[in-house]
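**Student:** Here it is, the structure in full.
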Amino acid sequence: MLSVDEKIIKKIHSLYDVDKEYWSFSGRSKRTHCHGFIKYPAMMVPEMQGELIDLFLSVREGINSVFDPFVGSGTTMGESIIRGLDFQGVDINPLAILACETKSDSFYLSSLEEKINLLNRRLILDKSEAVEVDFPKIDKWFTPRVKIELSKIRRAITAEPSKWARRFFWVAFSDTVRDSCNSRTSTYKLHIKPPGYLNDTNCCRDVFIRKIESNFNLKKEQRELLKTRGLLPRSRITNTVDLQISDIRKKPNKHDYERHDLLITSPPYGDNQTTVPYGQFSYLPLMWIDTKDLRNSVPDNLLLNSSSIDAASLGGSKRGALLNIDRLRGLSKNFSSSMDILLKSNSSGVGRLSSFIRDLDDSLDNILLRMKSGGFLVWTLGNRHISGNKIPLNEILRELLENRRCSFITEIDRTIPFKRMASRNSSSQTMNEEKVLIMTKR
């Protein structure tokens, strides 16, 4: 009789026999229902996360709770919800948690439709030219006309009495802010457009309303999917969703200890400043959104400037990057050999790699505290390049986890046919493949 690990290996590899590119999901992925709510960097493939969850549900009974310590915009959460699983997600980025809260909020759609109509009426009637927000360099990123138009939308949202509806509006507003600002769209970093391309139109309201209507239809689609599965009595989901704005390196509350059966996540591929700067991407929307509407309180230090969130993320601080480096070398021979290569090339990447792996390592004990013994760990990883050298993050993470009494089960190789990672963010080669590392906590 096959063990659980053997069943997992057999199921995964049987799919390779059908299609060598099965796990790329090329032509088989769409951002349906809640997955289309927001533009966000490096989002995971919903169908892939769903199939991975189904695979583990099929080989072991009693899987009830999923954990994502780098939840992002909530792809894993969305797939967990429609399977009736409890979910906990953590992220340092308030915009990510706002998106997740909206995806798991109430489904009072008749009321929401009425609120959208009232919102639109407020927008039409608003003749004020007052600008509602101010922050450093606002005039760099928004022309006077756009500031006035965005302020009208902000006033219309804040006039809505229901916080759950305001959160729904803020998510659509976040995309509107990004579309209306003067930062280039070819990168997630904040780079000013050339003078002739600055946005000085007054179509912000049209952009916003189209996004609201699109998200409303996606919310209806999500509701119908949940209803057909018996997961939406009285317009609220049956499963528990716990979302936290937090640094995953911090120790969890004791009630979170050994809480989850399955971890499915995709951590940052490296320091945010040179790969995907989630914080820079989110900064301008967060300057316009009333973050008090989130269920979580937002620490003030995350909103100080455009670099604050990225600086607080894994690899965001290079201070003391080489301290205790010998301990990390002892935990991972692949990290050690990568460091040796970078040292020979006299590369600035030494500090970037060591600070990221230091922070990733610091997060692992606190992540594992939340997992039950025998729980499965699924990590989707990209092996980035530093100074032209490919860093085997999958092997480094495997070794760090094995030193914490976790066991390797198998690994999936997949190409990235369309993952939205703006190519100009990369300081070296663009990644076109990922590794899915599957382990278990013993």
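The values are calculated or read from the model by the stated rules, or taken from the named source; none is laboratory data. Quantities reported herein were computed from a predicted structural model and do not represent experimental measurements. Heads up, the Cβs are rebuilt from the backbone with ideal geometry, glycines too, and the neighbour counts pull from every protein chain shown. To get the accessible areas, we keep the full protein, side chains included, count just its heavy atoms, and leave off ligands, DNA and RNA. Shrake-Rupley method; radii C 1.70, N 1.55, O 1.52, S 1.80 Å.
**Student:** Quick check on ARG234: is it of a type in the set (D, E, K, R) and either in contact (Cβ under 8 Å) with a residue 12 or more places away in the chain or under 30 Å from PHE356 (Cβ atoms) (or both)? Outline the logic, then answer.
**Tutor:** Values: of a type in the set (D, E, K, R): yes; either in contact (Cβ under 8 Å) with a residue 12 or more places away in the chain or under 30 Å from PHE356 (Cβ atoms) (or both): no.
Here the answer is no, as ARG234 does not meet what is asked.
**Student:** Can you pull out every residue in region 295-352 that is over 30 Å from ARG404 (Cα atoms) and among the acidic types (Asp, Glu)?
**Tutor:** Listed by number, the list holds a single entry, ASP300.
**Student:** Continuing with this model, one more query. For the list (1) in contact (Cβ under 8 Å) with a residue 24 or more places away in the chain; (2) on the phi < 0 side of the Ramachandran plot, I need the number of the one condition that GLY330 fails.
**Tutor:** Among (1) in contact (Cβ under 8 Å) with a residue 24 or more places away in the chain; (2) on the phi < 0 side of the Ramachandran plot, GLY330 violates only (1).
**Student:** In region 290-300, which residue that is open to solvent by 70 Å² or more (accessible area, probe 1.4 Å) and at pLDDT below 95 is nearest to PRO277 (Cα to Cα)?
**Tutor:** Our first condition is that a residue be open to solvent by 70 Å² or more (accessible area, probe 1.4 Å); within region 290-300, this holds for 292, 295, 297, 300.
Filter again for at pLDDT below 95, leaving 295, 297, 300.
Numbers: ARG295: 24, SER297: 22, ASP300: 19 Å.
The qualifying residue nearest to PRO277 (Cα to Cα) is ASP300.
**Student:** List the number of the failed condition for GLU101; all other conditions in (1) open to solvent by 10 Å² or more (accessible area, probe 1.4 Å); (2) in contact with a Lys or Arg (Cβ under 8 Å, 6 or more places away or on another chain); (3) within 17 Å of ASN215 (Cβ to Cβ) hold.
**Tutor:** (1)
**Student:** Of all residues being in a loop (DSSP other than H, G, I, E, B) and small (Gly, Ala, Ser) in region 49-80, which is farthest from LEU232 (Cα to Cα)? Just the residue, please. It would help to see each step written out before you state the result.
**Tutor:** Pass one, region 49-80, residues in a loop (DSSP other than H, G, I, E, B): 60-64, 69-74.
Then keep just the ones that are small (Gly, Ala, Ser); that gives 62, 72-74.
Numbers: GLY62: 21, GLY72: 24, SER73: 22, GLY74: 19 Å.
By that ranking, first place goes to GLY72.
**Student:** If I go through region 225-272 residue by residue, how many of them are in a strand (DSSP E or B) and within 20 Å of the chain's Cα centre (by Cα)? Talk me through it step by step, then tell me what you get.
**Tutor:** Narrowing region 225-272 to residues in a strand (DSSP E or B): 241-245, 260-265.
Checking the rest, the ones that are also within 20 Å of the chain's Cα centre (by Cα) come to 241-245, 260, 262-265.
Residues in region 225-272 being in a strand (DSSP E or B) and within 20 Å of the chain's Cα centre (by Cα): 10 in total.
**Student:** Another one. With the condition kept exactly as written, say whether any residue in region 214-223 is over 30 Å from ALA312 (Cα atoms) and of a type in the set (Phe, Trp, Tyr).
**Tutor:** yes
**Student:** Please verify whether region 172-180 includes one or more residues that are outside any loop (DSSP other than H, G, I, E, B), farther than 19 Å from CYS100 by Cβ, at pLDDT 95 or above and not basic (Lys, Arg).
**Tutor:** Start the filter on region 172-180 by keeping residues that are outside any loop (DSSP other than H, G, I, E, B), which leaves 172-180.
Checking the rest, the ones that are also farther than 19 Å from CYS100 by Cβ come to 176, 179-180.
From what is left, the residues that are at pLDDT 95 or above are 176.
Filter once more, keeping what is not basic (Lys, Arg): 176.
Yes, the conditions are met somewhere in region 172-180.
**Student:** Same structure, new question: Select the helices (runs of 4 or more DSSP H) contained entirely in region 303-355, then report the ones holding at least 3 residues which are surrounded by fewer than 18 Cβ atoms within 10 Å (Cβ to Cβ).
**Tutor:** 325-331, 333-344
**Student:** Could I ask something else about it? For the list (1) closer than 16 Å to ASN239 by Cβ; (2) assigned to a helix (DSSP H, G or I); (3) among the basic types (Lys, Arg), I need the number of the one condition that ARG83 fails.
**Tutor:** Condition not satisfied by ARG83: (2).
**Student:** Still on this structure, I have one more. Does region 374-388 contain any residue that is in a helix (DSSP H, G or I), crowded, with 19+ Cβ neighbours inside 10 Å and either among the β-branched types (Val, Ile, Thr) or under 19 Å from the mean Cα position of the chain (by Cα) (or both)?
**Tutor:** To start, the set of residues in region 374-388 that are in a helix (DSSP H, G or I) comprises none.
No: region 374-388 contains no residue that is in a helix (DSSP H, G or I), crowded, with 19+ Cβ neighbours inside 10 Å and either among the β-branched types (Val, Ile, Thr) or under 19 Å from the mean Cα position of the chain (by Cα) (or both).
**Student:** To continue, here is another question. Taking only region 334-358 into account, find how many residues are touching a Pro at 6+ places or on another chain (Cβ under 9 Å) and of a type in the set (Lys, Arg).
**Tutor:** Matching residues across region 334-358 total 0.
**Student:** List pairs: first in region 239-264 and within 20 Å of ARG295 (Cβ to Cβ), second in a loop (DSSP other than H, G, I, E, B) and among the polar types (S, T, N, Q), Cβ under 8 Å, 6+ apart or cross-chain?
**Tutor:** Close Cβ pairs (under 8 Å, with a partner that is in a loop (DSSP other than H, G, I, E, B) and among the polar types (S, T, N, Q)) amount to VAL241/SER104; LEU243/SER104; LEU243/ASN296; GLN244/ASN296; ILE245/ASN93; ILE245/ASN296; ILE245/SER297.
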